[in-house]
């Protein structure tokens, strides 16, 4: 009996079934985020101390910065706590979100490719954490650049809402950027692109990566842009090598 192909699986599922499955998986993601938000609400003070640390590192050495964050709105404290809880919920729910994404796209893969489910989720999660960690490491340098670029005559007083938004968006941008190789590998597994095509488009890809990083990096400082651009270029090359390995294995499997 011949093994089933992605096309066979697609024929078994109607459009309504696809939409129903998408709805169910979105509901699971939302539930995971809500559970993570509840945990983030109770862990708020610990998370606050972690997120404020990059600012504290540079505030002591710059007289143009206030000692702490300044609240201008009576409701801002509550708003900040809810935002931090929401960001924490999304972060804690990432394993569930990645797993649901993989399970949704699995019918489009060959049977022997579906065994990559766990490695996909683990790798994507590790890369996201690495990207967010690199952003956190880069933040003091980015904040120092932003604090001094306007001149010593300017005294900066940051509101917690604006500050935490910058921190979280930076970590999110780096985390998503580090998912770049996962996307390229998946496109090659799905047969949408080939390693040879990626190799031919290398120069254009480098330019595109530079422009993309400039757009998604909230701070816009050259240090952060460089710290994200270099890994993404390396990931691009690595995805080509991985794609060639997948291509060889797929050719060998088809010959059997």
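The values are calculated or read from the model by the stated rules, or taken from the named source; none is laboratory data. Note that the structure is a prediction, hence the values are computed from the model and not measured. All Cβ positions, even for glycine, are placed from backbone atoms using ideal geometry, and neighbour counts span all protein chains on display.
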List pairs: first in segment 16-34 and under 23 Å from residue 82 (Cβ atoms), second outside any helix (DSSP H, G or I), Cβ under 8 Å, 6+ apart or cross-chain?
29/93; 32/93; 33/93
With criteria (1) surrounded by 15 or more Cβ atoms within 10 Å (Cβ to Cβ); (2) within 19 Å of the chain's Cα centre (by Cα), residue 220 comes up short on (1)
Looking at (1) without any contact (Cβ under 8 Å) to a residue 12 or more places away in the chain; (2) within 20 Å of residue 39 (Cα to Cα), can you tell me which one residue 119 breaks?
(2)
Determine whether segment 85-96 contains at least one residue that is part of a loop (DSSP other than H, G, I, E, B) and either under 30 Å from the mean Cα position of the chain (by Cα) or surrounded by 19 or more Cβ atoms within 10 Å (Cβ to Cβ) (or both).
yes
Which count do you get for residues in segment 188-204 that are touching a residue at least 24 places away in the same chain (Cβ under 8 Å) and assigned to a helix (DSSP H, G or I)?
6
Could you pull out the residue among 111, 222 that is more than 30 Å from residue 249 (Cα to Cα), modelled with pLDDT under 90 and out of contact with any helix residue (DSSP H, G or I) (no Cβ under 7 Å at 6 or more places or on another chain)?
222
The number of residues in segment 135-145 that are surrounded by fewer than 15 Cβ atoms within 10 Å (Cβ to Cβ) and more than 19 Å from the chain's Cα centre (by Cα) is 0
Can you tell me which residues in segment 55-80 are touching a helix residue (DSSP H, G or I) at 6+ places or on another chain (Cβ under 7 Å), buried (at least 18 other Cβ atoms within 10 Å of the Cβ) and either without any contact (Cβ under 8 Å) to a residue 24 or more places away in the chain or in a helix (DSSP H, G or I) (or both)?
55, 58, 80
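Here are 207, 213, 185: which of them is assigned to a helix (DSSP H, G or I), free of Cβ contacts under 8 Å to residues at least 12 places away in the same chain and either more than 20 Å from residue 119 (Cβ to Cβ) or out of contact with any strand residue (DSSP E or B) (no Cβ under 8 Å at 6 or more places or on another chain) (or both)?
The match here is 207.
Considering only residues that are part of a helix (DSSP H, G or I) and at pLDDT below 85, which ones fall in segment 225-256?
246, 247, 248, 249, 250, 251, 252, 253, 254, 255
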List the number of the failed condition for residue 89; all other conditions in (1) at pLDDT below 80; (2) under 30 Å from residue 121 (Cα atoms) hold.
(1)
Has segment 154-167 got any residue that is under 24 Å from residue 67 (Cβ atoms) and without any contact (Cβ under 8 Å) to a residue 60 or more places away in the chain?
yes
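Rundown of residues vs (1) closer than 17 Å to residue 89 by Cα; (2) modelled with pLDDT of 75 or more; (3) assigned to a helix (DSSP H, G or I), yes/no style:
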| residue | (1), (2), (3) |
| --- | --- |
| 2 | no, no, no |
| 16 | no, yes, yes |
| 19 | no, yes, yes |
| 22 | no, yes, yes |
| 36 | yes, yes, yes |
| 48 | yes, yes, yes |
Residues 158, 137: which one is farther than 17 Å from residue 189 by Cβ, modelled with pLDDT of 75 or more and part of a helix (DSSP H, G or I)?
137
Condition broken by residue 124, with the remaining ones in (1) free of Cβ contacts under 8 Å to residues at least 24 places away in the same chain; (2) over 28 Å from residue 60 (Cβ atoms); (3) in a helix (DSSP H, G or I) satisfied:
(1)
